[in-house]
Amino acid sequence: TTEQEAKSGKPAYSAGVKLKIVNDVVYIADSKRWRKTAGQTRQSVKNIASQDGIDCIVDIPQDPGQAGKDQRSSYFKLLHGYVVRYSTESGNKVLRAEPLSAQAEAGNVKLVEGDWNRDFLDEITFFPAGFKDQVDATVRAYNRALKENKNNDNEIGAPGGFKKEKQESTGKMIYYFV
């Protein structure tokens, strides 16, 4: 949220990115970005999770302090029956994005064609200036995919894009919300 947005009284932007890693290539299947109230955002997260099914991991950041713990608990209840993961984030956003940026520069990041591509590329191209929600979501999903791929070859989910088929050498689909 920028200072100007906060003064306008508009809700902050939220974003979710769906990706998976297959044979060391990152496939970004979808990106969603919206500006809604907290309650509307929770409903959007639930709707996307229901579209993706229970085989998808939903990864949510936990803000520091008691408010973050309450929010985390609220999402776990909301998404009962889904695989939900969380962690706190700290440090510089630009530094957190560098490993994924290096993969993109090496040609190891691919976008699945969709109507979301232009807005996604506009934001990611201007990073770190401007909005950062889709970049944050992509970096978080990438980091979760790396963790999950070390553990097994399941899917990690998000808002539609890949069929949920069990295949050897497929990474989990991960959907991350900010």
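The values are calculated or read from the model by the stated rules, or taken from the named source; none is laboratory data. Source: prediction; values computed, not measured. Cβ sites come from the backbone with ideal geometry, for glycine too, and all protein chains shown count toward neighbours. These area figures cover heavy atoms from the full protein model, side chains too; ligands, DNA and RNA do not enter into them. Shrake-Rupley method; radii C 1.70, N 1.55, O 1.52, S 1.80 Å.
Scan the stretch 130-146 for residues that are more than 14 Å from Leu100 (Cα to Cα) and either open to solvent by 60 Å² or more (accessible area, probe 1.4 Å) or among the polar types (S, T, N, Q) (or both) and the total you get is 2. Do we have Val58 as within 15 Å of the chain's Cα centre (by Cα) and either of a type in the set (A, V, I, L, M) or at pLDDT below 85 (or both) here? When the stated conditions are applied, Val58 passes them. Of the residues contained in the stretch 118-127, one or more are found to be touching a Gly at 6+ places or on another chain (Cβ under 8 Å) and either open to solvent by less than 70 Å² (accessible area, probe 1.4 Å) or not basic (Lys, Arg) (or both).
Quick check, is Leu111 among the aliphatic types (A, V, I, L, M), touching a residue at least 24 places away in the same chain (Cβ under 8 Å) and in contact with a strand residue (DSSP E or B) (Cβ under 6 Å, 6 or more places away or on another chain)? Taking the combined requirement at face value, the residue satisfies it.
When each of Tyr75, Tyr82 is tested for being touching a strand residue (DSSP E or B) at 6+ places or on another chain (Cβ under 9 Å), open to solvent by less than 30 Å² (accessible area, probe 1.4 Å) and among the hydroxyl-bearing types (Ser, Thr, Tyr), the lone residue that passes is Tyr75.
Residues being acidic (Asp, Glu), in contact (Cβ under 8 Å) with a residue 40 or more places away in the chain and under 23 Å from Lys150 (Cα atoms) are represented in the stretch 76-90 by at least one member.
Taking the stated definitions as given, is Ala15 over 21 Å from Val135 (Cβ atoms), of a type in the set (A, V, I, L, M, F, W, C) and surrounded by 12 or more Cβ atoms within 10 Å (Cβ to Cβ)? When the stated conditions are applied, Ala15 does not pass them. On the stretch given as the stretch 85-97, residues that are open to solvent by less than 60 Å² (accessible area, probe 1.4 Å) and under 11 Å from Asp59 (Cβ atoms) total 1. The number of residues in the stretch 43-67 being in contact (Cβ under 8 Å) with a residue 60 or more places away in the chain and surrounded by fewer than 17 Cβ atoms within 10 Å (Cβ to Cβ) comes to 3.
When Lys20, Lys36, Lys10 are screened for being within 16 Å of the chain's Cα centre (by Cα) and open to solvent by 20 Å² or more (accessible area, probe 1.4 Å), only Lys20 passes.
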